[in-house]
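Shown next, in structure tokens, is the structure this report addresses.
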Amino acid sequence: MTVKQRIRIRQTKTIHDEWASLKIISFDYLRRDGAWQSLQRENYNCGHGATILLYNVDRRTIILTRQFRMAAFTDGYEDLMVETPAGLLDDATPEERIRAETQEETGYRVGPITKVFEAYMSPGALTQKIYCFIGEYTPQDRIAKGGGLREEGEDIEVLEMDFDAAYAMIADGRIQDGKTIMLLQHAALHLFPAR
């Protein structure tokens, strides 16, 4: 039996639908023991996104960003969030969007990129899937200042960091962004062997 055969949606109620949408979905779920259970879940949809870890193996460096994030702030995180460059897909492919976002946010022109994985960031409540890429950079690839788009409220600081120093920021709590942690762990396993 497929998962689709185990779900009967009874009602979908839209609570909010502007930049993102919030819906309450009432449904019946066929449990493993054969009993149907009535449930209700909130479903938040802000669209799929893409992110990238720019890296330089020879210099053992990476490019990250630092910016204000209201959701983290209202949850008690009183610092700027350190992240990989990222953006919502809107009507673009993941590859198109990450190239544009990277140049807007960091000023770096992106060369060849590799998709390493896709991940739902919080599948219990969010429909958002993030397409995660890696790509090499050189200092010559920085063709603009970066910083994001003022009209979108972006005020982004560009960080070129030693990989080991950035990776240590996961353990001490200075990096708490999920997509960034996953890409840094990928890099630790596949790009930057331990010294």
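For the reader, a short list of remarks on this structure follows.
- Filter result for the condition that a residue is of a type outside the set (D, E, K, R), at negative phi, crowded, with 18+ Cβ neighbours inside 10 Å and assigned to a strand (DSSP E or B), over Thr114, Thr102, Thr65: Thr65
- Those residues of the range 1-36 which are in a loop (DSSP other than H, G, I, E, B) and of a type outside the set (Gly, Ala, Ser), in sequence order: Met1, Thr2, Val3, Glu18, Trp19, Arg31, Arg32, Asp33
- Selected residue (only one of Leu64, Leu80 is over 30 Å from Thr14 (Cβ atoms) and touching a Lys or Arg at 6+ places or on another chain (Cβ under 6 Å)): Leu80
- For the range 42-62, taking the residues that are over 12 Å from the mean Cα position of the chain (by Cα) and within 17 Å of Phe117 (Cα to Cα), the one that is surrounded by the fewest Cβ atoms within 10 Å (Cβ to Cβ) is identified as Tyr55.
- Subset of the range 37-51 (residues that are assigned to a strand (DSSP E or B) and either within 30 Å of Gln103 (Cα to Cα) or out of contact with any Gly (no Cβ under 9 Å at 6 or more places or on another chain) (or both)): Gln37, Ser38, Leu39, Gln40, Glu42, Asn43, Tyr44, Asn45, Gly49, Ala50, Thr51
- Residue list for the range 122-153, filter: touching a helix residue (DSSP H, G or I) at 6+ places or on another chain (Cβ under 8 Å) and aromatic (Phe, Trp, Tyr): Tyr131, Phe133
- For the residues Tyr77, Tyr29, Tyr44, the requirement of being farther than 30 Å from Tyr167 by Cα, aromatic (Phe, Trp, Tyr) and in contact (Cβ under 8 Å) with a residue 24 or more places away in the chain singles out Tyr44.
- Answer from Glu78, Glu96 - the residue that is within 17 Å of Gln176 (Cβ to Cβ), out of contact with any strand residue (DSSP E or B) (no Cβ under 8 Å at 6 or more places or on another chain) and either surrounded by fewer than 15 Cβ atoms within 10 Å (Cβ to Cβ) or of a type in the set (Lys, Arg) (or both): Glu78
- Single residue of Ala188, Ala165, Ala171, Ala125 found to be under 24 Å from Trp19 (Cα atoms), small (Gly, Ala, Ser) and either under 18 Å from the mean Cα position of the chain (by Cα) or modelled with pLDDT of 95 or more (or both): Ala125
The values are calculated or read from the model by the stated rules, or taken from the named source; none is laboratory data. All of these numbers come straight from a predicted model, not from anything done at the bench. FYI the Cβ positions are ideal-geometry reconstructions off the backbone, even for glycines, and counts take in every protein chain you see.
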